[in-house]
Amino acid sequence: ALDLTPLAHVTSVGNSFLCGCIELTALDLTPLAHVTSVGDSFLRRCSGLTALDLTPLARLTNVGSCFLVSCARLTVSDLSPLARVTSVGNSFLCGCTRLTALDLTPLAHVTDVGNSFLRDCTGLTAVDLMPLANVTSLGHSFLRGCTGLREVNLTPVDHVTSIDAFFLSECTGL
């Protein structure tokens, strides 16, 4: 196990914090309770994680690219601690193939979403975009490759002024 207790005073985490820690199966983020911003590749390719409690990150306002990208065994992710986030970088949960359900409601304050937001989340069967009503632009490959999708609520897209290429490309279940 990795003890993050010595990091209790940290308010900002730079790029590649725990990128590629494939053997990491559990992580207590409690010591990061003062963090307001995380850089790119926060927990990228931590493919051993099956669940992650984001509660300690309740002060986050900015999430860099590749936040939890390729955390292939992650099955549950409660995003409610991210209610203060206004900006999400590229590849937010891209490649989280075992993620089966995701409530985007906590991201209601997000105004900027990068490319490949949920790309290749093949386990997702439904996505409700309603909570993203403040987003005006959807990046490249937003839901690309989400082959398990059967239902997408596009209601908030009426506020979107720009949708980049491959928005629902390769969503073969639709």
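The values are calculated or read from the model by the stated rules, or taken from the named source; none is laboratory data. Keep in mind it's a predicted model, so treat the numbers as computed, not measured. Here the Cβ is made from the backbone with ideal geometry for all residues, glycine too, and neighbour counts use every protein chain on show. SASA here: full protein model, heavy atoms, side chains in, ligands and nucleic acids out. Shrake-Rupley method; radii C 1.70, N 1.55, O 1.52, S 1.80 Å.
Just a few scattered comments:
- The residue pairs whose first member lies in the stretch 67-86 and is under 12 Å from Leu49 (Cβ atoms), whose second member is surrounded by fewer than 22 Cβ atoms within 10 Å (Cβ to Cβ) and among the hydrophobic types (A, V, I, L, M, F, W, C), and whose beta carbons are closer than 6 Å, counting only pairs six or more residues apart or on different chains, are Val76/Ala51.
- With respect to (1) of a type in the set (A, V, I, L, M); (2) open to solvent by 10 Å² or more (accessible area, probe 1.4 Å); (3) touching a helix residue (DSSP H, G or I) at 6+ places or on another chain (Cβ under 6 Å), the lone exception for Ala101 is condition (3).
- Among residues of the stretch 6-30 that are open to solvent by 60 Å² or more (accessible area, probe 1.4 Å) and in a strand (DSSP E or B), those with a Cβ under 8 angstrom from a residue that is hydrophobic (A, V, I, L, M, F, W, C) and at pLDDT 95 or above, sequence gap 6+ or separate chain, pair up as Ser12/Val35; Ser12/Val38.
- When residues in the stretch 58-106 are screened for being under 17 Å from His140 (Cα atoms) and assigned to a loop (DSSP other than H, G, I, E, B), 12 of them pass.
- Given (1) under 27 Å from Leu49 (Cβ atoms); (2) open to solvent by less than 50 Å² (accessible area, probe 1.4 Å); (3) over 13 Å from the mean Cα position of the chain (by Cα); (4) polar (S, T, N, Q), number of the condition Ser169 does not satisfy: (1)
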